[in-house]
Amino acid sequence: IDYTGTEPSSPCNKCLNVSWDSTPPCTCTINFTLEHSFESNVFMYYGLSNFYQNHRRYVKSRDDSQLNGDNSSLLNPSKECEPYRTNEDKPIAPCGAIANSMFNDTLELYRIDNDTRTPIALTKKGIAWWTDKNVKFRNPTGDGNNLTALFQGTTKPVNWPKPVYMLDSESDNNGFINEDFIVWMRTAALPTFRKLYRLIERKNNLQPTLQAGKYSLDIAYNYPVHSFDGRKRMILSTISWMGGKNPFLGIAYITVGSICFFLGVVLLIIHHKYGNRNTSADIPN
Amino acid sequence: IAGVAIYTGMETKMALNYQAKSQKRSAVEKSMNVFLIVYLCILISKALINTVLKYVWQSEPFRDEPWYNQKTEPERKRNLFLQAFTDFLAFMVLFNYIIPVSMYVTVEMQKFLGSYFLTWDEEMFDEDTGEGPLVNTSDLNEELGQIEYVFTDKTGTLTENNMEFVECCIEGHVYVPHVICNGQILHDCTGIDMIDSSPGGSGKEREELFFRALCLCHTVQVKDDDSVDGLKKNRLSRRSCIYISSSPDEVALVEGIQRLGYTYLRLKDNFMEILNRENNIEKFELLEVLSFDSVRRRMSVIVKSSTGDIFLFCKGADSSIFPRVKEGKIDQIQSRVERNAVEGLRTLCVAYKKLTAEEYSSAQKLLQNAKLALQDREKKLAEVYEKIERDFILLGATAVEDRLQEKAADTIEALQKAGIKVWVLTGDKMETAAATCYACKLFRRNTQILELTTKKIEEQSLHDVLFDLSKTVLRHSGSLTRDTFSGLSTDMQDYGLIIDGAALSLIMKPRQDGSSGNYRELFLEICRNCSAVLCCRMAPLQKAQIVKLIKLSKEHPITLAIGDGANDVSMILEAHVGIGIIGKEGRQAARNSDYAIPKFKHLKKMLLVHGHFYYVRISELVQYFFYKNVCFIFPQFLYQFFCGFSQQTLYDTAYLTLYNISFTSLPILLYGLMEQHVSADTLKREPSLYRDVAKNALLRWRAFIYWTFLGVFDAVVFFFGAYFLFDNTIVTSNGQMFGNWTFGTLVFTVLVFTVTLKLALDTHYWTWINHFMIWGSLVFYIIFSLLWGGIIWPFLNYQRMYYVFMQMLSSGPAWLGIILLITVSLLPDVLKKVLCRQLWPTATERIQTKHQCLSVEQSTIFMLSQTSSSLSF
């Protein structure tokens, strides 16, 4: 579902030229209908396009040792983070362009049932790689668990409304190990990409996770994409062991398989036709 | 008291014939350099394209500097031009892997290690001398597979330089010394086999006269091993003395006669001493020697026997003896002589006449006058000789064999079948050389011999001769050139050209009127259409001249010169490949050569087997290197279109570095060392296979472009395969997303597997080392990736690869994608191979097919249908 709001009719059109620090955030609501019900766990993605997360300057603009909880890097981030390294003579934590541009729209999903809006529970854990969350990303160490104290001496990224230690209320999802943050930090390969936002877990076996019907998406529209001609989308998807819906693999396999089969037949014919000639032909010497 | 005048310096014969050694480079290396230039152009154009596109793309400011990705202050201030230049350089750095630097290292290693295979070859080891081949340079290994012209020396190379008395014919009766028959030296008269009926009494007399004649009519000097007591020793062991003569024929004759019971002992005070069968010493007084010259082609001696009779013995070529013969069984002997000549033996006829004292004194007077003449001495002498040497009584004929080296004929035949033209360059005179050429099957019986000699040129003008020859040759060449070249059909009219040094220098001599170029071209044209060329009476530098002439001719053929003596050195240095024979005439040639072999016959294996292998190996190696680097870098190039031309690398730095060093280097190096696409025996048996690789066949533009396009195709498959796999879908089973590094790793994994499996498809000769290397490097890649991603490396300031590889392996679509992409990228190559094999097989491939009863294509089809059935589920 595209909610960029480039069309004037879109409810999000008013938010198109939103800036980072607009308070209160511009909100809009988009209604949509699910034709089929989603039986198993549903994954909720946000998708951006025309966003060059794979730009070289962007990709390298991070400090992995800072994110790994190294205290010296925390206060003295890597040069790669320039120009997002320091702000007002204070080191930025987390530094770099990637962190600075973290996706900060808030998406909420409601089911509309007879004009009553039931919020759908969204799980925000388990969206990042386990190894990233537990090994690669760590909060700085020190005495006490008070993140505010640990991040003492640093400042928030320029574009963030809140410092890193206030990303979430739960302590195991706060600071550098905030999963939204980790997901964002894994730079995408292509300029059009999607990232996992929330999980909708199946509650019981009796009813599908998401029934067919009307839904509405509440968006706190903070993330500006219009300036670079970008688009924002929200995607709901189920997943099998084979991953999500991927027409490419199937088509490719069928194509290649039939080509192989065809070639096999052709070559067999050729072999039968010419094979005898070859073996009987004398080798000139 | 002895006075010795020695001159050293630049004007000695040796120094004048010496040529500066020049750097030799192989044709493969040359084409390699051309390919490199092409790739350099590709590299630069890629970088240029990307730079230009980058600035076109960036012209909109939101792309150049979106809010999420701003430049630093110094970056912003940089001069636009400077910035563009740095961008260009950055692209160059990014794509520089397309120039396979490691190829040079690998090629050098392959050549160096490969040259040991030559040295280790036991078949090329010679027991007689206890020496194997020597490799003086490893640069030219593959050149051995490209030879089109072989220039060979005759004496010591084709032949053993070892004359052997084979038979004599006295009065029409043929005598063959037993020596030749059973290899034993028998001293008494039973050592003669009478082939014809035994001669009567008069025959016996003639026989003895004949042997005496041979014993006396020569200019051989005796050198005793033991100078103090030479005579006695000679008696005790007849073989202990050494005969020295300017002509090896004479030595052979004297030695042969010695075996028949007549031993020439020495020349003492003008008395020639002969030890006859009864062990008596006969003494002859040597009165005159009418020495040999090439115009008369005979020599005579006048001797006075102990009984007082004066004999004139004459020995010479049949053509010069027969007209002067008065009596004797001319017809019988002549037919015998002709037979021998055809067999490649050097024949000499022996005749005598008895002189009375008056005759002798008049002859002596004439001689004296002639010798004392101040003017035209030569001419007068010749006239006198002419007068004296007449009215002979024919005794018989001898046949001396200059023994060919073992299997020389076989070797030459094989070389000719392999499409190599063999030229014999020799200092010998024409008849001998021609005889040898017949013996070693360089000229066959049906070869039409064209002569371009001084004699002929004296008769006609050079221009006419050349013109005539070219007309004869070219008349046929119109329709039959190809066959002549291939030399396949024996009923074809072959041409053999004989040219001598004087004629050659006439052709080569620059003329004032500038027409020499014409002659040269004409000459070349003739030579090219002859299957064999014999150049006799060559000066060493002329040999080099000939080589140079051919080397610089239109087609730039690859030449090989082989020789054993110091006089061949300049030729060896001039040719593309110089081979020295570790022979009798010293080591000069072997030392100056690129390769040295003990015997001529080893040339066959060296060219047909080793040369072929080296060439096939190195050409595959070079092409493969270019291919794998195209595969490697082209996805990077494509990726630039998707990352805003920002020089973002697709692969991780470690992969970039290690790709050429460890993931893909060893299998190809091993291939370059071990590959035997056909077995060595087959190559040796089927010399025509050599044609398949002639003229740099495997490194022509077509092959190069094929490999490059294959590389580009594979790269496109890798990249867009991965692109569509990642594009807008989820490829994991837990819904989590992959980043750009996973993307790169996926492409890289497909790349490494494809490139290695492609090599495996090309390998025909599997040893356990091949298996070990090919599968080993794949396993190494996997282990390395697991390790590289499995640990937070403390010395790195980025951890972008952390668990990327493992995460990728945990996803089903990635596996399926990898398998699919590998299959697709290998498909066209397999297809091309199978189709070409089936429809247009080369001789090599036919042999391969024949040898593997279940041919490759069947198994390939089997494999293909297997894959297809497993794929279309």
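The values are calculated or read from the model by the stated rules, or taken from the named source; none is laboratory data. None of these values were measured; they are calculated from a predicted model. Positions of Cβ are backbone-derived with ideal geometry, glycine not excepted, and every protein chain shown enters the neighbour counts.
Going by what's in this entry, would A:D115 be described as more than 11 Å from chain B (Cβ to nearest Cβ) and free of Cβ contacts under 8 Å to residues at least 24 places away in the same chain? Spell out the reasoning first.
On the way: more than 11 Å from chain B (Cβ to nearest Cβ): yes; free of Cβ contacts under 8 Å to residues at least 24 places away in the same chain: yes.
Yes, satisfied.
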Just the residues that are in contact with a helix residue (DSSP H, G or I) (Cβ under 9 Å, 6 or more places away or on another chain) and at pLDDT 70 or above, please, taken from region B:277-290. B:N279, B:E282, B:F284, B:L286, B:L287, B:E288, B:L290
Please verify whether B:V716 is more than 34 Å from the chain's Cα centre (by Cα), assigned by the TED database to the domain that holds B:L827, aliphatic (A, V, I, L, M) and surrounded by 21 or more Cβ atoms within 10 Å (Cβ to Cβ), treating the condition exactly as stated. no
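Kindly evaluate A:N54 against the criterion of being within 8 Å of another protein chain (Cβ to nearest Cβ) and within 21 Å of A:L190 (Cα to Cα).
On the way: within 8 Å of another protein chain (Cβ to nearest Cβ): yes; within 21 Å of A:L190 (Cα to Cα): yes.
Against the criterion (within 8 Å of another protein chain (Cβ to nearest Cβ) and within 21 Å of A:L190 (Cα to Cα)), A:N54 qualifies.
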Restricting to region B:806-821, count the residues that are crowded, with 23+ Cβ neighbours inside 10 Å and more than 10 Å from every other protein chain (Cβ to nearest Cβ). 1
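Wholly within region B:635-700, which helices (runs of 4 or more DSSP H) include no fewer than the required count, namely at least 1 residues that are more than 41 Å from the chain's Cα centre (by Cα), more than 10 Å from chain A (Cβ to nearest Cβ) and surrounded by fewer than 22 Cβ atoms within 10 Å (Cβ to Cβ)?
Numbers: elements: B:653-658, B:665-674, B:680-685.
By residue number, B:653-658.
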Given the conditions (1) more than 12 Å from chain A (Cβ to nearest Cβ); (2) in contact with a Pro (Cβ under 8 Å, 6 or more places away or on another chain); (3) hydrophobic (A, V, I, L, M, F, W, C), report the number of the one that B:L725 does not fulfil. (1)
Counted residues in region A:184-235 being assigned to a strand (DSSP E or B), buried (at least 19 other Cβ atoms within 10 Å of the Cβ) and among the hydroxyl-bearing types (S, T, Y) come to 3
If you scan region B:64-77, which residues turn out to be among the charged types (D, E, K, R) and more than 22 Å from B:I49 (Cβ to Cβ)? B:E65, B:K71, B:E73, B:E75, B:R76, B:K77
Candidates B:M773, B:M801, filtered to the one that is assigned by the TED database to the domain that holds B:V678, among the aliphatic types (A, V, I, L, M) and touching a Phe, Trp or Tyr at 6+ places or on another chain (Cβ under 6 Å): B:M801
Conditions: (1) over 23 Å from B:Q799 (Cα atoms); (2) more than 10 Å from every other protein chain (Cβ to nearest Cβ). A:G142 meets all but one. Number of the miss? (1)
B:V712, sole failed condition from (1) part of a loop (DSSP other than H, G, I, E, B); (2) away from every other protein chain (no Cβ under 14 Å); (3) β-branched (V, I, T): (1)
List the number of the failed condition for A:A99; all other conditions in (1) buried (at least 17 other Cβ atoms within 10 Å of the Cβ); (2) at the interface with another protein chain (Cβ under 10 Å from one of its Cβ atoms) hold. (2)
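Looking at A:N13, A:N76, which one is surrounded by fewer than 19 Cβ atoms within 10 Å (Cβ to Cβ) and either facing chain B (nearest Cβ under 9 Å) or at pLDDT 80 or above (or both)? Before the answer, list the steps.
Numbers: A:N13 fails: either facing chain B (nearest Cβ under 9 Å) or at pLDDT 80 or above (or both).
Residue meeting the stated conditions: A:N76.
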